[in-house]
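Participant: Before I ask anything, let me first share the structure, which is written out below as structure tokens.
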Ligand code: SAH
Ligand code: SF4
Ligand code: F3S
């Protein structure tokens, strides 16, 4: 038996003795899809240990917060929820409260939790996913607090159990960590250096998901374009995509996130080559000022960025672009900000994820002079949203009258309707029954709303 299997067996015996009516675990993930993917693995482990999963911390014997550190508000929410758990523990003193993920990988946060939140039993970092059973066993068996932030030097653990959120869409991490050190970003500090999974492991997991009936598989990494770096095999991200897209079956592929400095024409050519690769490109630009991009350590300028966009549009005219934007980076001027407005008008993104700069302890930008007031940053932020709120609906209008292939995902809010997405990731509502859920259907778009489309089923036609 492997070490993990032994721990799982011991935990399961302990739980049976301690909780004759069954033990419940509440595992809550904050942050990006990669964190969600880690959370799915911890859920998989928890099920093997004998826990049943619950949706509420109030009736749980084991609560785990899998946290994010990317902005301050993500952390504040966790501190609030963690404080509230004190009452749960008073009612149920045997319960275990655990916290893991990017937030606690920062030493100052781990120490704060250790000192100010004595009801927290287990604190562990992002490198210990594969050792989750050992950590849970140590807390359960010793009734002692455990703090472990060690960084594993071994290979990426493979074949961990996983409890996926859905039956239609699945996410596969292809690489972990980040080497880019954008000056505002905490991720490289809390997730460590980039490590790619061997392609044979990815192909195996991918093929299994296709056989299980998953219809949309998203490849994950902080910078998927640098996939392959450090592997013994000679493989690039476009080559991996090419390989996965030739696997037989009825499915489509997405990927995120692409760093513009590593996005190549070769990648765009592979996207164009395969119908199975969604024509959606999330290409975070962060800012439209070359000076700020330099200080962000992004290694591209707006000219290079726009060249990529133009190349992709010349190959795939209907491709959808989305982006992340940071407003109020230290030292950003009104003129820099206007560069961002200009750029988003030029590109016409389908949607944007917009953030006000949040200083992160230990990053380079956190010690840069930042003279612009919070009020002014908020005003710029609203201005940015106003501009994008005109672009988004304008882009959607272009869908009217055309037919598209839509993956139906769930029931819509409106009675008698279902909702799905085009491969450009646009939400489409269509009249139809639940039997359509999980199917690719062809839909003619009748009407574009502000952020979704209304369409109707077309029988016997192929959509874009
Ligand atoms: N690796 C991805 C995403 C990283 S985090 C990438 O490079 O695009 C997701 C987004 O959060 C980033 O793209 C950035 O826009 C935002 N972000 C990261 N750190 C931030 C900070 N300190 N303040 C505000 N936004 C931040
Ligand atoms: Fe952060 Fe930059 Fe890495 Fe993205 S590429 S995770 S923004 S350091
Ligand atoms: Fe947050 Fe960590 Fe993801 S900081 S964005 S959960 S990698």
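Participant: Hey, can you tell me all the residues within segment 358-378 that are away from ligand 2 (no atom under 16 Å from the Cβ), surrounded by 13 or more Cβ atoms within 10 Å (Cβ to Cβ) and either outside any loop (DSSP other than H, G, I, E, B) or within 26 Å of the chain's Cα centre (by Cα) (or both)?
Facilitator: As a first pass, look at segment 358-378 and keep what is away from ligand 2 (no atom under 16 Å from the Cβ): 367, 369-378.
Going one step further and asking which of them are surrounded by 13 or more Cβ atoms within 10 Å (Cβ to Cβ), we end up with 370, 372, 376-378.
Residues satisfying the conditions are 376, 377, 378.
Participant: Across segment 265-296, which residue is nearest to ligand 1 (Cβ to nearest atom) among those that are surrounded by fewer than 17 Cβ atoms within 10 Å (Cβ to Cβ) and not in a helix (DSSP H, G or I)?
Facilitator: Here the answer is 274.
Participant: Regarding residue 346, is this residue under 25 Å from residue 378 (Cβ atoms), out of contact with any strand residue (DSSP E or B) (no Cβ under 9 Å at 6 or more places or on another chain) and within 16 Å of ligand 2 (Cβ to nearest atom)?
Facilitator: Answer is no for this residue.
Participant: Quick one: in segment 297-307, of everything that is farther than 14 Å from residue 340 by Cα and surrounded by fewer than 21 Cβ atoms within 10 Å (Cβ to Cβ), which residue is nearest to ligand 3 (Cβ to nearest atom)?
Facilitator: Here the residue is 297.
Participant: Consider residue 147 against the criteria (1) part of a loop (DSSP other than H, G, I, E, B); (2) within 23 Å of residue 51 (Cα to Cα); (3) more than 25 Å from the chain's Cα centre (by Cα): it satisfies all of them except one. Which criterion is unmet?
Facilitator: Condition not satisfied by residue 147: (1).
Participant: May I pose another question? So which residues in segment 185-199 are within 17 Å of the chain's Cα centre (by Cα) and either assigned to a helix (DSSP H, G or I) or within 10 Å of ligand 1 (Cβ to nearest atom) (or both), if there are any at all?
Facilitator: 185, 186, 187, 188, 190, 191
Participant: Further question on the same structure: Working only within segment 166-184, note down all residues that are over 22 Å from residue 330 (Cα atoms), in contact with a strand residue (DSSP E or B) (Cβ under 8 Å, 6 or more places away or on another chain), touching a residue at least 60 places away in the same chain (Cβ under 8 Å) and assigned to a loop (DSSP other than H, G, I, E, B).
Facilitator: 168, 174
Participant: Which of the residues that make up segment 22-42 are under 17 Å from residue 96 (Cα atoms) and either out of contact with any strand residue (DSSP E or B) (no Cβ under 9 Å at 6 or more places or on another chain) or more than 16 Å from ligand 3 (Cβ to nearest atom) (or both)?
Facilitator: 22, 23, 24, 25, 26 - these are the residues of segment 22-42 that are under 17 Å from residue 96 (Cα atoms) and either out of contact with any strand residue (DSSP E or B) (no Cβ under 9 Å at 6 or more places or on another chain) or more than 16 Å from ligand 3 (Cβ to nearest atom) (or both).
Participant: Please work out which one of (1) within 16 Å of ligand 2 (Cβ to nearest atom); (2) at pLDDT 95 or above is the condition residue 269 fails and give its number.
Facilitator: Looking at each condition in turn, residue 269 falls short on (1).
Participant: Based on what the data block shows, is residue 62 over 25 Å from residue 117 (Cα atoms) and buried (at least 23 other Cβ atoms within 10 Å of the Cβ)?
Facilitator: Working: over 25 Å from residue 117 (Cα atoms): no; buried (at least 23 other Cβ atoms within 10 Å of the Cβ): yes.
Answer is no for this residue.
Participant: Across segment 237-259, which residue is nearest to ligand 2 (Cβ to nearest atom) among those that are surrounded by fewer than 21 Cβ atoms within 10 Å (Cβ to Cβ) and part of a helix (DSSP H, G or I)?
Facilitator: Taking the candidates together, the pick is 239.
Participant: So, one more: With respect to the numbered conditions (1) modelled with pLDDT of 95 or more; (2) assigned to a loop (DSSP other than H, G, I, E, B); (3) loosely packed, with under 15 Cβ neighbours inside 10 Å; (4) touching a strand residue (DSSP E or B) at 6+ places or on another chain (Cβ under 7 Å), which one is the sole condition not fulfilled by residue 462?
Facilitator: Status for residue 462: all satisfied but (1).
Participant: From (1) within 16 Å of ligand 2 (Cβ to nearest atom); (2) in a loop (DSSP other than H, G, I, E, B), pick out the condition that doesn't hold for residue 234.
Facilitator: Result: residue 234 passes all but (1).
Participant: If I ask for residues that are touching a strand residue (DSSP E or B) at 6+ places or on another chain (Cβ under 7 Å), part of a loop (DSSP other than H, G, I, E, B) and surrounded by fewer than 21 Cβ atoms within 10 Å (Cβ to Cβ), which ones from segment 395-427 would you list?
Facilitator: Our first condition is that a residue be touching a strand residue (DSSP E or B) at 6+ places or on another chain (Cβ under 7 Å); within segment 395-427, this holds for 396-397, 399-412, 414, 416-427.
Going one step further and asking which of them are part of a loop (DSSP other than H, G, I, E, B), we end up with 399-402, 412, 414, 416, 422-426.
Within segment 395-427, 400, 401, 402, 412, 414, 416, 424, 425 meet the criteria.
Results for (1) under 27 Å from the mean Cα position of the chain (by Cα); (2) farther than 21 Å from residue 195 by Cβ; (3) free of Cβ contacts under 8 Å to residues at least 40 places away in the same chain, shown as yes or no for each residue.
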{"position": "71", "(1), (2), (3)": "yes, yes, no"}
{"position": "74", "(1), (2), (3)": "yes, yes, no"}
{"position": "93", "(1), (2), (3)": "no, yes, yes"}
{"position": "99", "(1), (2), (3)": "yes, yes, yes"}
{"position": "112", "(1), (2), (3)": "yes, yes, yes"}
{"position": "117", "(1), (2), (3)": "no, yes, yes"}
{"position": "120", "(1), (2), (3)": "yes, yes, yes"}
{"position": "138", "(1), (2), (3)": "no, yes, yes"}
{"position": "161", "(1), (2), (3)": "yes, no, no"}
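Participant: Also: So how many residues does segment 61-87 have that are assigned to a helix (DSSP H, G or I) and either more than 23 Å from residue 355 (Cβ to Cβ) or within 16 Å of ligand 3 (Cβ to nearest atom) (or both)? Don't jump to the end; show me each part of the working.
Facilitator: Of all residues in segment 61-87, those assigned to a helix (DSSP H, G or I) come to 72-87.
Now drop any that are not either more than 23 Å from residue 355 (Cβ to Cβ) or within 16 Å of ligand 3 (Cβ to nearest atom) (or both), which leaves 72-79, 81-87.
So the count comes out to 15.
Participant: Any chance you could count how many residues in segment 114-145 are over 14 Å from residue 96 (Cβ atoms), away from ligand 1 (no atom under 16 Å from the Cβ) and surrounded by 22 or more Cβ atoms within 10 Å (Cβ to Cβ)?
Facilitator: Counting residues in segment 114-145 that are over 14 Å from residue 96 (Cβ atoms), away from ligand 1 (no atom under 16 Å from the Cβ) and surrounded by 22 or more Cβ atoms within 10 Å (Cβ to Cβ) gives 2.
Participant: Go through (1) more than 16 Å from ligand 1 (Cβ to nearest atom); (2) in contact (Cβ under 8 Å) with a residue 40 or more places away in the chain; (3) assigned to a loop (DSSP other than H, G, I, E, B) one by one and return the number of the condition residue 55 breaks.
Facilitator: Going through (1) more than 16 Å from ligand 1 (Cβ to nearest atom); (2) in contact (Cβ under 8 Å) with a residue 40 or more places away in the chain; (3) assigned to a loop (DSSP other than H, G, I, E, B) one by one, residue 55 breaks only (2).
The values are calculated or read from the model by the stated rules, or taken from the named source; none is laboratory data. What you see is a predicted model, and the numbers here were worked out from it, not measured in a lab. Every residue, glycine as well, gets a Cβ built from its backbone with ideal geometry; the counts of neighbours run over all protein chains shown.
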